[in-house]
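The values are calculated or read from the model by the stated rules, or taken from the named source; none is laboratory data. What you see is a predicted model, and the numbers here were worked out from it, not measured in a lab. Cβ sites come from the backbone with ideal geometry, for glycine too, and all protein chains shown count toward neighbours. These area figures cover heavy atoms from the full protein model, side chains too; ligands, DNA and RNA do not enter into them. Shrake-Rupley method; radii C 1.70, N 1.55, O 1.52, S 1.80 Å.
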Protein chains: 2
Amino acid sequence: MPSEKKSIADFSCPVPVGLYSNIVMAHGGGGKLSHQLIEKMFLPAFGNPALESRHDGASLEMPSHKIAFTTDSYVVQPLFFPGGDIGSLAVNGTVNDLAMCGARPLYLTVGFILEEGLPMDTLWRVVQSMKSVARESGIEIVAGDTKVVERGKGDGIFINTAGIGALETKQPISPVHVRPGDAVLLSGDIGRHGITIMATREGFEFETDLESDCAALSGIVLGLLSEGVEVHCLRDLTRGGLASALVEIAEAAQHQIEIQEAKVPVPENVRGACEILGFDPIYLANEGRFIAFVPASESERAVEILRAHPLGKDACIIGSVMAGSPGLVTQRSRLGTSRIIDMISGEQMPRIC
Amino acid sequence: MPSEKKSIADFSCPVPVGLYSNIVMAHGGGGKLSHQLIEKMFLPAFGNPALESRHDGASLEMPSHKIAFTTDSYVVQPLFFPGGDIGSLAVNGTVNDLAMCGARPLYLTVGFILEEGLPMDTLWRVVQSMKSVARESGIEIVAGDTKVVERGKGDGIFINTAGIGALETKQPISPVHVRPGDAVLLSGDIGRHGITIMATREGFEFETDLESDCAALSGIVLGLLSEGVEVHCLRDLTRGGLASALVEIAEAAQHQIEIQEAKVPVPENVRGACEILGFDPIYLANEGRFIAFVPASESERAVEILRAHPLGKDACIIGSVMAGSPGLVTQRSRLGTSRIIDMISGEQMPRIC
């Protein structure tokens with residue numbers, strides 16, 4: 001739903017009175033200024049009983065003994081880009097990793113590493129964005145930490161988030177449960193996040209409507225699970241793109257995966273940018289797309305369920321799992337030829353997330 | 001138990017064959033080099049079934065519905081110092097925050113933000129240290145993430161850890177449960193970590209035997225709880241020191257806390273350094289000390305229990321909680337005069353943890 005996304009311009013409420021206009025070292029020192037940042041910035045944005053207990057950690061009641069637990073750090077540059085920012089990325093990214101375990105996202109921790117001199121307004125806008133997307137996906141920010149490093153020892157804002165969720169599946173979801181005969185489903189078109197970041201960073205303007213696919217995938221994934229589809233594995237496509245996700249799963253599952261090039265949806269503006277820049281879209285980063293492995297017999301129904309969700313309207317079957325060569329990923333071209341897909345060995349674009 | 005601590009020199013096993021000698025951007029790119037770092041560095045060190053599933057998150061079974069969840073980032077400089085390093089700090093710090101909730105530490109996530117050019121051997125030594133201290137406190141590293149930023153955009157290694165633990169107390173432990181009449185217990189002497197970091201950073205040598213108090217506090221805290229002591233609040237003394245911890249708790253509890261200066265143990269070498277540098281030891285950072293609030297009637301027994309543990313041999317009662325002025329912390333001097341203890345407003349020493 002790119003058109004419904006909030007723009008950073010919407011977070012127009014001003015920085016609270018009494019905060020410095022820039023981050024200074026003492027904001028990470030654990031004294032008065034750290035305290036002020038918590039009281040004026042973080043508690044008003046993220047406030048909930050766990051956070052407000054002002055303790056070293058959050059004491060929580062989980063609905064179940066079976067949980068998922070994950071973490072990611074975010075170092076994306078630029079901090080703001082069409083369709084998102086480092087804050088929405090940091091919340092959605094960890095929400096998505098929980099969803100890929102088949103878990104309902106419940107609680108999030110946030111660790112900021114700030115560079116001395118960072119405009120307070122920049123942090124404020126990032127925090128407001130985190131508040132907004134956390135609310136949308138129903139995850140609560142229950143604990144946090146802020147460190148400050150000297151000017152030139154960081155790069156504006158780095159964010160780490162860690163999340164826990166309640167597992168909502170009976171069968172375990174993981175690469176080792178992928179079976180020959182499984183269909184490979186893709187939830188939507190690929191490459192929007194990678195090309196958007198690159199275009200923003202370099203000042204290119206390929207298309208005016210290009211924006212990141214950054215989104216929380218928990219709704220669409222939990223929908224698929226609640227319909228009783230036998231899901232063997234889920235993986236969101238982040239840095240490394242579709243190609244790296246497939247290779248990692250083929251290697252962990254010790255089966256072969258074959259995908260059909262013609263079945264993988266690539267937006268026209270992403271395809272155009274790739275042609276100009278010599279990129280292969282299957283290596284481009286995404287932040288709101290995932291693949292699912294389901295038995296072939298369930299695949300049509302699963303696609304229908306995905307398509308009923310706004311984030312899955314372009315969902316499709318892109319390939320299948322074969323006994324074949326363990327760990328191999330092949331792509332069949334429009335002409336019927338086959339090529340081996342490998343992980344990228346260098347780096348297509350640094351600091352994409 | 002400073003004398004029994006492992007020195008970094010003990011982690012003498014070499015960096016595995018096949019890894020680059022320095023971190024390059026592609027180690028954070030999600031492709032082949034990221035994969036290699038996981039396979040050759042992280043899995044051999046931290047390996048367990050959750051991590052080895054190579055999934056986006058760890059699926060875990062908790063012993064109870066009641067959990068604690070916390071996070072901290074670590075940006076300490078220098079990375080290695082007498083008594084610890086950024087790795088042991090990152091594991092013990094989060095273990096300690098869980099312990100302060102009255103939780104048994106169970107699972108940890110680790111997020112590395114590495115600077116391009118970092119010697120691989122430095123990362124290896126930090127990882128070996130994390131492995132070693134995680135094993136000592138019984139916490140499992142179940143998920144992780146690595147990002148790399150360009151040379152000059154980071155500072156060697158930043159680490160975020162997030163931890164979950166199983167709550168082991170019936171009564172909630174938090175600042176709001178502190179009551180007038182409670183005794184304030186301190187687990188040991190203060191200031192070792194702060195002075196050690198400063199001395200290492202500046203090349204001072206006050207005393208040859210000065211080293212950080214960095215330690216996992218879960219054992220001593222769980223011991224106190226298992227003896228049935230009615231613990232109202234626990235807080236480990238980190239950046240901001242004893243003073244900031246007391247002020248934070250007095251404010252959250254809305255009671256007055258009074259401590260006796262003469263009762264607070266300060267090692268001779270720390271006191272000497274403070275006199276030279278003009279520091280007040282109650283503001284110095286610690287990484288292996290905590291305060292506990294217990295009813296006065298339980299305080300003598302609690303001190304005895306703490307003293308039976310090697311990390312609590314200098315435990316003592318340093319003050320008490322009074323109805324008095326809400327949020328006020330006062331210190332009674334050796335001469336009987338009283339002064340107000342406030343949070344530090346600037347920063348005594350940056351990047352202490």
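So the values come out like this:
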{"quantity": "For A:21-29, mean number of other protein chain Cβ atoms within 10 Å", "calculated": "4"}
{"quantity": "Centroid-to-centroid separation of region A:284-303 and region B:126-184 [C-alpha atoms, Å]", "calculated": "35"}
{"quantity": "Under-5 Å amide H pairs with A:Asp72, H placed in peptide plane, nonlocal only", "calculated": "A:Thr161"}
{"quantity": "Residues in region A:297-316 that a label on A:Arg179 would reach, taking backbone N under 17 Å of a point 7 Å out along Cα→Cβ", "calculated": "A:297-302"}
{"quantity": "Segment B:Glu202-B:Thr337, extension gain: residue separation times 0.36 nm, minus the distance between their alpha carbons", "calculated": "45.1 nm"}
{"quantity": "At R0 = 30 Å, FRET efficiency that the Cβ-Cβ distance of A:Ser297 and B:Glu39 yields, to 0.05", "calculated": "0.30"}
{"quantity": "Angle between chain A longest axis and helix A:296-307 axis [Cα atoms, degrees, rounded to 10]", "calculated": "40"}
{"quantity": "Per-residue mean of C-beta atoms belonging to partner chains within 10 Å, peptide B:229-238", "calculated": "1"}
{"quantity": "Protein heavy-atom accessible area occluded, B/A pair - total, 1.4 Å probe, Å²", "calculated": "6400"}
{"quantity": "Net charge dipole size for chain B [Lys, Arg +1 and Asp, Glu -1 on Cβ; Debye, nearest 20]", "calculated": "360"}
{"quantity": "In sequence order, calculated HN-Hα J values of region A:20-27 (Karplus, 6.51, -1.76, 1.60; Hz; x Gly/Pro)", "calculated": "4, 7, 9, 6, 10, 3, 5, 5"}
{"quantity": "At R0 = 45 Å, FRET efficiency that the Cβ-Cβ distance of A:Gln260 and B:Asn22 yields, to 0.05", "calculated": "0.65"}
{"quantity": "Exposure rank, largest accessible area first [A:Ile157, B:Ile305; 1.4 Å]", "calculated": "B:Ile305, A:Ile157"}
{"quantity": "Exposed-loop-free span, longest in chain B, where chymotrypsin sites (Phe, Trp or Tyr not before Pro) count as exposed if DSSP calls them loop and at most 14 other C-beta atoms lie within 10 Å", "calculated": "B:21-203"}
{"quantity": "Over region A:1-150: Kirkwood hydrodynamic radius from C-alpha pairwise inverse distances, Å", "calculated": "16.2"}
{"quantity": "Cα-Cα pairs of chain A separated by more than 29 Å (percent)", "calculated": "41"}
{"quantity": "When each of B:Lys263/B:Lys313; A:Lys66/B:Lys147; A:Lys40/B:Lys147; B:Lys32/B:Lys147; A:Lys263/B:Lys147 is checked by Cα-Cα distance, pairs over 20 Å", "calculated": "A:Lys66/B:Lys147; A:Lys40/B:Lys147; A:Lys263/B:Lys147"}
{"quantity": "Inter-copy label distances at A:Arg201 (7 Å, Cα→Cβ; nm, one decimal)", "calculated": "3.1"}
{"quantity": "Qualifying trypsin sites (Lys or Arg not before Pro) in region B:290-347, DSSP loop, other Cβ atoms within 10 Å at most 11", "calculated": "B:Arg334"}
{"quantity": "Chain B: most fluctuating residue of B:Ala68, B:Ala50, B:Ala216 per GNM, C-alpha cutoff 10 Å", "calculated": "B:Ala50"}
{"quantity": "Principal-axis tilt of helix B:192-202 within chain B, Cα atoms, nearest 10 degrees", "calculated": "50"}
{"quantity": "Long-range HN-HN contacts of B:Leu118 with modeled amide H, under 5 Å", "calculated": "B:Ile23"}
{"quantity": "Dipole in debye (nearest 20) - the protein assembly as shown, about Cα centre, beta carbon charges: Lys, Arg +1; Asp, Glu -1", "calculated": "380"}
{"quantity": "Accessible-area value, B:Leu33, 1.4 Å probe, nucleic acids and ligands omitted, Å²", "calculated": "20"}
{"quantity": "Cα-based helix-to-principal-axis angle, A:86-100 vs chain A, degrees rounded to 10", "calculated": "50"}
